[in-house]
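Computed from the coordinates by the stated procedures, all read-outs in this text should not be read as laboratory data. These numbers were taken from a predicted model, which means no experiment stands behind them. All Cβ positions, glycine included, derive from the backbone under ideal geometry; neighbour counts span all protein chains shown.
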Amino acid sequence: MRLDLWLTAPLAHALGRALLDFLWEAALLAGALRAALQLGAGRSARWRHQAALACSLALPLAFTGTLALLLGGGHAAALPLTPGQPMVFTPAPGGSPPASPADWPAWIASFWMGGVMLFCSLRLAGWLRIDSMRRRGVCAAPAEWQRRLRTLADAVRVSRPVVLLESCLASVPLAIGYWRPVILMPLGTLAGLSAEQVEAILIHELAHIRRADYLVSLAQGLIEGLFFFHPAVWWISAVVRTEREYACDDVVVALRPDARVYAAALATLEQCRRPAVQLAAAANGGNLVRRIRRLLDEPAPERASRRRTPALAGALVLVAGAATALLFWPAARSFAQATPPAEAAQAAREQDRDIEETKRSLDELEQKFAREEKQLHGAKESLDQAQQLIEGHAAELEKALADAGSGSAQQEEQLRQAEQALQELKASQAGRPEELLRQQQLALQQAEERLQEAQKASETAQAGASQQLAQQKRALEEAQEQLRQLKTRELDEILRLQQKQIADASQALEQWQGADDAKQRATLQQRLEQAQRQLEGAAQSCCRETAERSATDEPQEMPRPQNRAELASAYRKWLNEDVAYLITARERAAFAALETDAERDRFIEQFWQRRNPTPGAAENAFKEEHYRRLAYANEHFAGSVPGWRSDRGRLYITYGPPDEIDDHSGESVPRQDWRYVHIEGLGYDIKVEFFDPGKTGDYRMEAAPASRGSYLELMAVMGDAAGAITRSLKTGGFPVVAYPLAGRPGMVHVLVGPYSDAASLAKAKAALEAAGYHPTLAR
Amino acid sequence: MPKANELPRPTDAELEILTVLWSRGPATVREVHSTISSRRAAQYTTVLKLMQIMTEKGLVKRDEKQRAHVYSASRPREWTQRQLAGDLLERAFAGSASRLLVGALAARKASAAELAELRKLLERYEGERR
């Protein structure tokens, strides 16, 4: 089509005028939506979303309606019907048309069509890219998660099969497709978040699928592309998006009432999302803070501004009205110009009348708007009053509920008061105009519903709080356990160093015992003493450190690395309970660095395989024996701490069943003596005593009480060195008992004695010192 | 083997294998094949051939210590994601696509200030519940 023909075509003119009319139509629709949202302030996000969506769909309807009217209605007679048939003011066909002021609607239509093509092709490219994400860079999620997704889909009532994929291209979780929906999770999300958090996110995505939000989003894209020039269209679109997310959040909270888990998941996802892909063109972000505030029931800080909004809505409506008046005027004038002169006078008269009528109806409309606004204002105010009253009572109720479980009588009283207040309010409404009364009754009904909701919410909050308390207790226990582990680990480091020194020293001792040369003997003794002193100093500083640390660190929670905090509870249990006494510091560090559950599973398998007495065999005697010991300890040694964590449990799990148990539970201080014939790395005839002074069943490993005589004590590092010392002391005729030290694994406490009188004690001490040891008197 | 910063951009089929390796960790060809075929029909020999080619290109590393060779991605996924996102065409589409996306989070990344506010909100909420 040639440009001059297009510019004079009736379709182009009608399009241009319809576009101009659309300016005020969209503004009116936006104003109406704004008013509807104000009135429905307490309604669900689902209702608000539907209102916004209806408004959004009304936009193209209004536009096509106007276009049809302009093309086929009363004005059509005034316009030439076939292109090329010259209008009054166009020159003969063939000549280029002059720049006529009457062409401007056609010019507008031309620019608009260019814009629509640009926007729509961009949208199409975007859609193709999104659709390709269901195939590109994806891999099926683990079967376990597919299974869980099916359960969740049933709960959300999604009947179509949903595929769960991990994607390396998606930076946030996405729901794509309507007929064959898929959920894309960014790589690492399934393993990085806790199972509860992943479930909450999956429910959100399933809610999108159930609500067909993908289709809605495509339709929105089309509408935005068509009416790209109008800010009101973008605003309506933004409302649809916001309320859509709120509605899906509501579905999540309905199924998983602990909003904290979900809110934390959203915040974590937002934080972990990679910054590489900047989707800067999108302007619909920034509402995550509002959403989380809403999830956690925090009042928005801009609440005060709500007072002004009815006035704002009114102003919008007035602006729309003014725009109507302004736009009708030039449109009418251009019609007059386009009419042949013979009919011009007639048309002018008719149009004058039209204008008069339009003005009159506009006036009426304005008055009506003003009236409605006033009514709206009145209704809104009384609604606010009722709401404030109810909120006040609801707050009191919640407080009372939170205060104590014993406050239920008080609650009932308050509830009664609230209901009474409601009754009073109802009574005070009598005598108002019927319309207002009806609105207020509606408001009251809503308020009552809110009250009930608030009551229910406070009940669930109470339940949630006690659940959380239990969780926190568990977390505290775990933290304490980890603290203990950490202490052990550090101590192990220090001790390993000293072990070497001691080994050197005892080697030297043996050399010395066999050496003849006096000089050599003297230097060796010197070396031995030096090593012994170093060892004792180190052991003392260890004790000090441990004491200090337990004094200062106990109340604080140990800082934990992020991935450890996110570790699934099954792995945490394995690490801190199942193999707490087996795992080496190096293995522990390696395990903490693992990122996926698959890696952890493999690590655990290899962990046991390394300890398998017959490598490669399907059965692992070591693992079986270890779990048997764990089960035995938990069954028999449980007291204030689980059996595996008690002193007896620790010894039993580490060294197996003792060869002999002497039970003295009937004595004034209940006691158990355990004897091991041999412990690898510790020596022969190891005796350990457990005391239960509180008679609570908590037997503690302790040095013997002083009443049974005095002991001389030595510190040694478990392993070859300790074996050598106890061996040489025993061969020297000293009565020796070696204890593994409570709270300091890796260290052995060698007690020499008991000696009942000071003289024999001094003699033994002198003999020991002569042999190169530096014993101290036991407490 | 080409230098690390000269690694070729993976094709779509290669990207799929890389995704499996990033998701599941080092794996044998059989494991990769079974994961892929749980989503779509795929020949074992095709996957094997692809992974051999990828080894030559340097996209994956092969551990030959065990009887069944274990493959792992030679670059972390963030690196390849950056490589893919750096594509101009990709970026032009991303802006337009973002308005059509439906998901738990907005298309625009939250600013540092917003993230800080989120943390504060959650902490305060925790404090109240305690």
Checklist entry - Which entries in the list A:LYS456/B:LYS120; A:LYS473/A:LYS695; A:LYS374/B:LYS120; A:LYS473/B:LYS120; A:LYS687/A:LYS763; A:LYS687/A:LYS765 go over 31 Å, if you measure between the two C-alpha atoms of each? => result A:LYS374/B:LYS120
Next on the checklist: Taking the square root of 5 times each eigenvalue of the Cα gyration tensor, what semi-axes in Å does the equivalent ellipsoid of segment B:8-78 have, largest first?
Outcome noted: 16, 15, 12
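What average count of beta carbons from other chains do you get within 10 Å of the Cβ of residues in A:126-133?
5
Considering every residue in B:9-18, what mean count of other chain Cβ atoms within 10 Å of its Cβ is obtained?
2
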Checklist outcome for this item: Listed with the fewest Cβ neighbours within 10 Å leading, B:SER38, A:SER640 appear as A:SER640, B:SER38
Item to check | Tail weight of P(r) past 16 Å, computed on alpha-carbon pairs of segment A:572-628, percent | outcome: 42
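Classify segment A:196-238 as rounded, prolate or oblate from the Cα gyration tensor: take a ≥ b ≥ c as the square roots of its eigenvalues, call it rounded if a/c is under 1.5, otherwise prolate when a/b beats b/c and oblate if not.
Values: a/c = 4.82, a/b = 2.66, b/c = 1.81.
Here segment A:196-238 falls in the prolate category.
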Checklist entry - Summing Lys, Arg as +1 and Asp, Glu as -1, what charge do residues with Cβ under 10 Å from the Cβ of A:VAL669 carry, A:VAL669 excluded? => result 0
Item to check | Packing-based order for A:15-26, A:759-770, A:610-621, using average beta carbon neighbours within 10 Å, highest first | outcome: A:15-26, A:759-770, A:610-621
Checklist entry - What is the average number of partner chain Cβ atoms found within 10 Å of a Cβ in A:138-151? => result 3
Checklist entry - Most exposed first by the Cβ proxy, i.e. fewest other Cβ within 10 Å, how do A:SER194, A:SER171 rank? => result A:SER194, A:SER171
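May I ask you to list the GluC sites (Glu not before Pro) in segment B:25-81 that are in a DSSP loop and have at most 13 other Cβ atoms within 10 Å of their Cβ?
Values: sites: B:GLU31, B:GLU56, B:GLU64, B:GLU78; in loops: B:GLU64.
Passing both the DSSP loop test and the Cβ count: B:GLU64.
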